[in-house]
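J.: What follows is a structure written as structure tokens; I'll ask about it next.
We did not get these values from a lab; they are worked out from the coordinates using the rules stated. Since this is a predicted model, take the numbers as computed values, not measurements. All Cβ positions, glycine included, derive from the backbone under ideal geometry; neighbour counts span all protein chains shown.
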Amino acid sequence: MPSFIYVTDVFCPWCFGFAPVMERLVGVYAFPVRVLCGNLVDEPEQTSAMGTPRLRAFFQRLSDTTGRTLGRGFFQLLEEEGSVLMDSSRSALLMAALKKLAPGHALAQMEAFQDAFYKDGRDVLSLDVQADVAARWGVQAGDLEKALASDAVRDKARREMDEAEDILGDFVVYPTLFVKTDDGELHAVARGYAPFEDMEAKIQDALASGSSLNAVSAEACGLDGTCCAR
């Protein structure tokens, strides 16, 4: 059976915008989804660094393009007094812990934390916030804290981030969605934000022809909306 491999990041704004598209695709195709965490914020950074007029204009463009409105709480994080830390390695560790404690819900868990950050303006690296969101899947705060400190979970998070980097190759763009066909081949059907209709057509092409699809979308993600090719 084909499957989706979804490379995303808690702190990726275009990934937040892509969530409804991803949910529709999963609903239509019912493929298993493997979620891999990227490394968008590879050096810890304060949210107040995104409070410039240019980036605020970018966030408005993102909302206009995707139809997803960023919340008032998020914009409060852009102020000095409301600033919190972003660090993709720590959010990847969180996702690895949840895969261990509440497996089978990785897509919903990723989207829940993207919503917590971009809609509600919550500090998603705070253990209290993490435990509150994780409680939706029956995860206890103490168990989450232990998992976050586990060497095995840390190793898993690092391996998955390395795997994400390897399969992205020269186009380090979030979100990226692959279809893995029955022959084991990966077909990139989204590199950056794209609407549902575009994704559906590309998935049908991949399933029918097996051709490799590697076009980069116009809406690809750095925190400022620029392409993260390396």
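J.: How would you rank MET22, MET1, going from fewest to most other Cβ atoms within 10 Å of each one's own Cβ?
T.: By the 10 Å Cβ count, ascending, the order reads MET1, MET22.
J.: Right, next: What is the order of GLU145, GLU160, fewest Cβ neighbours within 10 Å to most?
T.: Values: GLU145 14, GLU160 20.
Exposure proxy ranking, most exposed first: GLU145, GLU160.
J.: In region 1-135, what is the volume of the convex hull around the alpha carbon atoms, normalised per residue and reported in Å³?
T.: 105
J.: In addition: Pull up all non-local amide H partners of TYR174: gap of 5 or more, or a different chain, and H-to-H distance under 5 Å with H placed in the peptide plane.
T.: Hits under the 5 Å cutoff: CYS221, CYS228.
J.: Quick one: order VAL10, VAL153 by neighbouring beta-carbon count within 10 Å, fewest to most.
T.: Listing VAL10, VAL153 from fewest to most nearby Cβ atoms yields VAL153, VAL10.
J.: Now for a separate question. Give me the aspartates and glutamates in straight-line cross-link reach of LYS202: C-alpha distance below 18 Å, same-chain residues under 8 apart excluded.
T.: GLU23, ASP182, ASP183, GLU185, GLU219
J.: Then there is this: Compute the normalised compactness of the chain: alpha-carbon radius of gyration over 2.2 N^0.38 Å, N being the residue count.
T.: Ratio of Cα Rg to 2.2 N^0.38 Å: 0.98.
J.: OK, next. Under the rule of at least 5 residues apart or a separate chain, name every residue whose amide H is placed under 5 Å from the amide H of ARG34.
T.: Amide H neighbours of ARG34: PHE4, ILE5, TYR6.
J.: Cross-link partners among lysines for LYS100, C-alpha distance below 20 Å, same-chain residues fewer than 8 apart left out?
T.: In chain and number order, the partners are LYS146, LYS156.
J.: While we're on this one: Only sites in a loop by DSSP and with at most 14 other Cβ atoms within 10 Å count here; which GluC sites (Glu not before Pro) in region 1-97 make the cut? Each step should come with its number before you reach the end.
T.: Numbers: sites: GLU23, GLU45, GLU79, GLU80, GLU81; in loops: GLU79.
Sites meeting the loop and neighbour criteria: GLU79.
J.: Let me ask you something else. Which of ALA131, ALA201, ALA141 ends up with the largest GNM mean-square fluctuation for the chain, with Cα atoms connected below 10 Å?
T.: The residue with the greatest mean-square fluctuation here is ALA201.
J.: If you don't mind, another one. Restricting to Cα pairs below 8 Å that are 6+ residues apart, what does the relative contact order work out to for region 3-209? Please round to a whole percent.
T.: 29
J.: TYR193's amide H: which non-local residues (gap 5+, or another chain) put their own amide H closer than 5 Å, with H modeled 1.01 Å from N in plane and none for Pro or chain starts?
T.: Under 5 Å from the amide H of TYR193: GLU219, ALA220.
J.: Quick one: 3J(HN,Hα) in Hz for region 190-201, Karplus 6.51/-1.76/1.60 with θ = phi - 60°, rounded, Gly and Pro as x.
T.: Using θ = phi - 60°, the values come out as 8, 10, x, 5, 8, x, 4, 4, 5, 5, 4, 5 Hz.
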